[in-house]
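Only one structure is covered here, and it is reproduced in the block below.
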Amino acid sequence: MSLLPSSASPIRLAVVMGTRPEAVKLAPLVLAAQSDPQRFQVDVVSTGQHKEMLDSMLAWFGLRPSVSLDIMRPNQDLAHITMSSLSGINDWLKTHRPDWVVVQGDTTTTFAGALAAFYNRIPVAHVEAGLRTHDKYSPYPEEANRVMTGHLADLHFPPTAGARDNLLREGIADERITVTGNTGIDALLWTRNKLANEGKLPTGDGREVLVTAHRRENQGEPMRGLCHAILTLLARYPDVRVNFPVHLSPRVREVVFPVLSGHPRVQLTDPLDYPEFVQAMARSCFILTDSGGVQEEAPSLGKPVLVLRDSTERPEAMQAGTAKLVGTDPERLLAEAARLLDDQAEYTRMSKAQNPYGDGQAAQRILQVIARTPVASR
Ligand code: UD1
Ligand code: UDP
């Protein structure tokens, strides 16, 4: 049932994205809005903060940006991303004047999108709002990006009750907050079910470990330590294999390839397209990662996650027992990996826990709230 009078014109949404996870987590919302043209008209505004990694996600979900700013540079710094995104989004907003700007998460594209909207007095809807570590430098720069975005936003869509509480503590009005679950779970369940229906969801042999790493605060020595810990793990477990799709950042690749390439039981590849990555998660025994999105997705595939970070904005996964924070200390990492490989009871406990991040309906909940919020209320 439409929430708008039939004579009303559709609500115009500008959905801003720039990186791989934003495309995954905003695709369900864009697709749901596009399927309801009486209520919504959608423009995808891409900063192109990522290039190949964004393009492959857009292709899988069939998203076509109305504009691509193409800002990516090799080894780009944060000021470059902010300035070029802000300027490009600002120009587009000035001309097109959408009713809402929708941003997701905590990348620099997210913050620039919210700031450009604010400068143009266009209301902002923030998807995956309220995640906090309360440490400005961890993760860097994402904690600052999401705090600043939160204070520019008009509607806040935290995935969990805990994220909602963070927003309330910062003085955000309760009536502007709706707990929705994470739209990343919408994308994951859709993809998982499609693969399963096509008979393309593998079960592994229990000896393949999936690894991803990219966070700025882990680049350099922590990432080198991780790679050496992987070599030690492989030496201790001659039947274990490692699958490591390596992020395209030169700062990641210049560390990972020299240490791990050539090992007969390490498969280093370029980043995988989303369905291939879902298959890799399904095939794995457990996952070593510093990714935010992977922590959220893995429980829906029954995979334990060891999180390569010192702090977390996702305590729900730890509380549910699906993930453990192990940092980048090689000894801790090896001890926890060995537990999962040797201790069946511990493995079962972590792999059977329920996903605390959503039920696959987050995008619909968000659109319902946007549809019933008068734009003049900003
Ligand atoms: C960015 C986000 C981070 C998010 C991550 C998801 C910021 C500051 N960081 O980090 O929050 O978790 O994306 O992956 O917003 N590159 C390519 N091709 C690509 C993508 C990246 O070559 O398709 C290379 C480029 O040299 C680029 C570098 O990777 O300069 C780093 O990209 P950048 O977006 O700055 O940082 P990420 O680590 O990807
Ligand atoms: N992902 C992917 N291919 C890969 C690695 C990750 O499709 O080779 C997906 C993953 O399933 C999740 C998203 O990319 O949906 C996470 O992106 P990333 O780890 O880069 O960013 P973060 O979530 O940490 O911001």
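Amide H contacts of ASN243 (H built 1.01 Å from N, in plane; Pro and chain starts excluded): VAL209, LEU210, VAL211, GLN267 sit under 5 Å, all sequence-distant by 5 or more or on other chains.
For the range 314-328, 3J(HN,Hα) computed residue by residue from phi via the Karplus equation (6.51, -1.76, 1.60; θ = phi - 60°) reads 10, x, 4, 5, 5, 5, 6, x, 8, 9, 10, 7, 10, x, 10 Hz, glycine and proline entered as x.
If you average the sequence gap of Cα pairs under 8 Å that are 6 or more apart and divide by the length of the chain, what percent do you get for the contact order?
Details: 748 pairs, mean separation 60.4, N = 378.
Across the chain, relative contact order equals 16 percent.
Here's how it looks for ASP359: its modeled amide H is under 5 Å from those of ASN182, which are all 5 or more places away or on a different chain. Among 235-241, 268-274, sorting by the average number of other beta carbon atoms lying within 10 angstrom of each residue, highest first, gives 268-274, 235-241.
In degrees between 0 and 90, to the nearest 10, how far off the longest principal axis of the chain does helix 108-119 point, with axes built from Cα atoms? Helix 108-119 sits at roughly 10 degrees to that axis. In order along the range 245-253, the phi-based Karplus estimate (6.51 cos²θ - 1.76 cosθ + 1.60, θ = phi - 60°) of 3J(HN,Hα) comes to x, 9, 3, 7, 4, x, 5, 7, 5 Hz; Gly and Pro are listed as x. To the nearest 10 degrees, how steep is helix 330-342 against the longest Cα principal axis of the chain, on a 0 to 90 scale? So the helix axis and the longest Cα principal axis differ by about 80 degrees. Residues in the range 120-127 carry Karplus couplings, in order, of 9, 6, 10, x, 10, 10, 10, 8 Hz; the curve used is 6.51 cos²θ - 1.76 cosθ + 1.60 with θ = phi - 60°, and Gly or Pro positions show x. Take 183-192, 139-148 and order them by the average number of nearby Cβ atoms within 10 Å per residue, most first; the result is 183-192, 139-148. Rounded to the nearest 20, the size of the Cβ-charge dipole of the chain about its Cα centre is 400 debye, with Lys and Arg at +1 and Asp and Glu at -1.
Which of GLU198, GLU217, GLU297 comes first, and how do the rest follow, when ranked by fewest Cβ neighbours within 10 Å? Can you show the working numbers first?
Working: GLU198 9, GLU217 17, GLU297 27.
By the 10 Å Cβ count, ascending, the order reads GLU198, GLU217, GLU297.
Amide H contacts under 5 Å for PHE40: ILE11, restricted to partners 5 or more places along the chain or on a different chain, H placed in the peptide plane at 1.01 Å from N.
Once C-alpha pairs closer than 8 Å and six or more residues apart are averaged by separation and normalised to the residue number of the range 68-205, the relative contact order reads 18 percent. Ranking PRO356, THR289, GLN368 by how far each Cα lies toward the positive end of the dipole of the range 273-374 (charges on Cβ) leaves GLN368 at the top.
Cα-Cα over 22 Å: which of LYS303/LYS324; LYS51/LYS194; LYS136/LYS352?
Where the Cα-Cα span goes over 22 Å, the pairs concerned are LYS51/LYS194; LYS136/LYS352.
Calculate for the chain the 222 nm mean residue ellipticity that helices alone would give, adding -39,500 (n - 2.57) per DSSP H run of length 4 or more and normalising by residue count, nearest 500 deg cm²/dmol. Don't jump to the answer; show the numbers that get you there.
On the way: 15 runs with 172 residues, N = 378.
It comes out at -14000 deg cm²/dmol, rounded to the nearest 500.
Taking Cα atoms only, the orientation of helix 362-372 departs from the longest principal axis of the chain by about 10 degrees.
Each value in this text was obtained by applying a stated rule to the coordinates, not by laboratory testing. These numbers were taken from a predicted model, which means no experiment stands behind them. Neighbour counts are summed over all protein chains in view; Cβ atoms, including those assigned to glycine, are modelled from backbone coordinates with ideal geometry.
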